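Some notes on the structure that comes next.
The values are calculated or read from the model by the stated rules, or taken from the named source; none is laboratory data. The structure displayed is predicted, hence computed values, not measured ones. Don't worry about glycine lacking a Cβ; one is built from the backbone with ideal geometry, like all the others, and counts go over all protein chains shown.
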Amino acid sequence: MDSFDILRTLKFLPGIILGLTVHEFSHALTAKKCGDKTSEEQGRITLNPLKHIDLLGFIMLLVAGFGWAKPVQFNELNLRNPRTDVIKIAVAGPVSNALLSILLSVILAVIVKIHPESYYTLTTEVFLYAIYINWGLFIFNLIPIPPLDGSHLLLNYFRRFPALHAGLYKYGSFILLGLIFGSMLTKINFLPIWPLIQFLGKGFLSILGLHI
């Protein structure tokens, strides 16, 4: 890895750490609010990144562009309304990333408004990386393939078909990895989420008067 790659990695590192931490914290907090204390007992209701970062998943995210954090565990039997609470817990993570992207965009707009000379600085770059990374976490995690958060919407529907539900849950990870590696090896984008990330990122920034 040359010096340029190292510098680039350092620029998007804050966004990755912040995004994964807020994502898993939101899962944990929502699970507690829905009646399950598993995440609280495991110390996951915290904004301490060390409680949420999975070392291998973090390295993969830096090297390959996709990875994972430590999944938040919860017991459905403790939830007040299991069928709907599972969905609430699942979407809490991606939604928190979307809200974080919006918040960071607003903060960046304020910084640039107060200090116009900061338009093309290292601070701006770090903010932009964080904004786009969190939009990416929002969109990617809503893909309805296990083990991504969006799969809970699909799996919840297929509970009435036990065999299909079990099959999707069992083989979902292989399907997802197949799509990711297939995109890398064939140059065919089987998960075309980047245009949507750009649309949300640039779109919201432009609303705030930033055309970057």
Evaluate the following for Ser96: is it buried (at least 19 other Cβ atoms within 10 Å of the Cβ) and of a type outside the set (A, V, I, L, M)?
-> yes
Return the pairs, sorted by first residue and then second, in which the second residue is part of a loop (DSSP other than H, G, I, E, B) and of a type in the set (A, V, I, L, M, F, W, C), the first residue lies in segment 60-77 and is farther than 20 Å from Leu18 by Cα, the beta carbons are less than 9 Å apart, and the residues are 6+ apart or on different chains.
-> Phe74/Cys34
Restricting to helices (runs of 4 or more DSSP H) lying wholly in segment 136-207: which have 1 or more residues that are at pLDDT below 75 and either touching a helix residue (DSSP H, G or I) at 6+ places or on another chain (Cβ under 6 Å) or crowded, with 16+ Cβ neighbours inside 10 Å (or both)?
-> 151-157, 162-186
Test: residue in segment 87-99 that is farther than 15 Å from Asp149 by Cβ and in contact (Cβ under 8 Å) with a residue 24 or more places away in the chain = no
Could you give every pair whose Cβ atoms fall below 6 Å, whose first residue belongs to segment 6-19 and is within 18 Å of Asn48 (Cα to Cα), and whose second residue is polar (S, T, N, Q) and modelled with pLDDT under 95, counting only separations of at least 6 or pairs across chains?
-> none
Can you pull out the residues in segment 114-128 that are modelled with pLDDT of 90 or more, surrounded by fewer than 18 Cβ atoms within 10 Å (Cβ to Cβ) and not β-branched (Val, Ile, Thr)?
-> Glu125
Go over the candidates Ala90, Ala64, Ala31 one by one and state the one that is surrounded by fewer than 13 Cβ atoms within 10 Å (Cβ to Cβ) and of a type in the set (Gly, Ala, Ser).
-> Ala64
